[in-house]
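The values are calculated or read from the model by the stated rules, or taken from the named source; none is laboratory data. Since this is a predicted model, take the numbers as computed values, not measurements. Glycine gets a Cβ as well: all are built from the backbone with ideal geometry, and neighbour counts include every protein chain shown. Note: areas computed on protein heavy atoms with side chains; ligands, DNA, RNA excluded. Shrake-Rupley method; radii C 1.70, N 1.55, O 1.52, S 1.80 Å.
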Amino acid sequence: MDEKIKELQKMIDESHSIVFFGGAGVSTESGIPDFRSQDGLYRQEWKYPPETIISRSFFDANPQEFYRFYRKKLIIKGVQPNITHYKLAELEAAGKLSAVVTQNIDGLHQLAGSKVVWELHGSTLRNFCMKCGKSYDIDFIAESENSSDKLPRCECGGLVKPDVVLYEEGLDDKVINGAVDAIANADMLIIGGTSLVVYPAAGLIRYFKGKHLVLINKSETQADASADLVIHDSLGKVFEQIKVSKV
């Protein structure tokens, strides 16, 4: 492992436009569970698999059950960034990292200090009225559990929806274009904490034409064979060993 860390450090040192593409594994080390993980009590509480509950058709047909799941599984209070978030922000501040492309919806990259973050699947921190467009914060969604119909209602009466991309919904064009542009112009792409099975997000890595492709994940992925360096370990253990120097 020491040799792989040294190789990663060398790649980072000689790169000037790094993009980090991350998934759930980045945030699990902050205590945010992967919403797809189902423990032994899951079936006792939920009648549907998570992918069904957070689909647009389910949201439209059964909003009360959607929000019951959403509040319990996707609104996590008091969570702080971890070493990976902070190290990526440090790399950006040093002029080494040009962007973070994330599949996560928790806003932890920005909380750690990252400025250029392309949130492919949106954010739980942003919510909007589907009728008038008024914005609401995450607390409004959480506290709506106490309303008469347990739904977050705008003052105009419209239903407030999280600004997250549900299954069956398309990704935001502006975000996609920003992420593609960042990846296409990167000289190094670090993929971390993702199994690369969620599309179309996972397909964005095909736009990378740079010099170094690195994959850091606890388990194997379909892109392992294409990477210049593969490290099967936790992101925190890897990034805590990386030293950042300014360009």
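Quick notes on this structure:
- Qualifying residues in the stretch 131-169 (those that are in contact with a helix residue (DSSP H, G or I) (Cβ under 8 Å, 6 or more places away or on another chain) and open to solvent by 80 Å² or more (accessible area, probe 1.4 Å)) - the one nearest to residue 72 (Cα to Cα): 145
- Failed criterion for residue 185 (all others in (1) surrounded by fewer than 15 Cβ atoms within 10 Å (Cβ to Cβ); (2) at pLDDT 95 or above; (3) of a type in the set (S, T, N, Q) hold): (1)
- Residue selected from the stretch 88-105 under the condition in a loop (DSSP other than H, G, I, E, B) and in contact with a Lys or Arg (Cβ under 7 Å, 6 or more places away or on another chain), by the criterion most open to solvent (accessible area, probe 1.4 Å): 95
- Total residues in the stretch 227-240 satisfying the condition of being open to solvent by 80 Å² or more (accessible area, probe 1.4 Å), farther than 19 Å from residue 208 by Cβ and in contact (Cβ under 8 Å) with a residue 60 or more places away in the chain: the figure is 1.
- Qualifying residue in the stretch 77-87 (condition: among the hydrophobic types (A, V, I, L, M, F, W, C) and part of a strand (DSSP E or B)): no
- Residue in the stretch 224-231 that is within 16 Å of residue 22 (Cα to Cα) and out of contact with any helix residue (DSSP H, G or I) (no Cβ under 7 Å at 6 or more places or on another chain) present: yes
- Residues of the stretch 217-247 satisfying the condition of being under 21 Å from residue 2 (Cβ atoms), part of a loop (DSSP other than H, G, I, E, B) and small (Gly, Ala, Ser): 227, 234, 245
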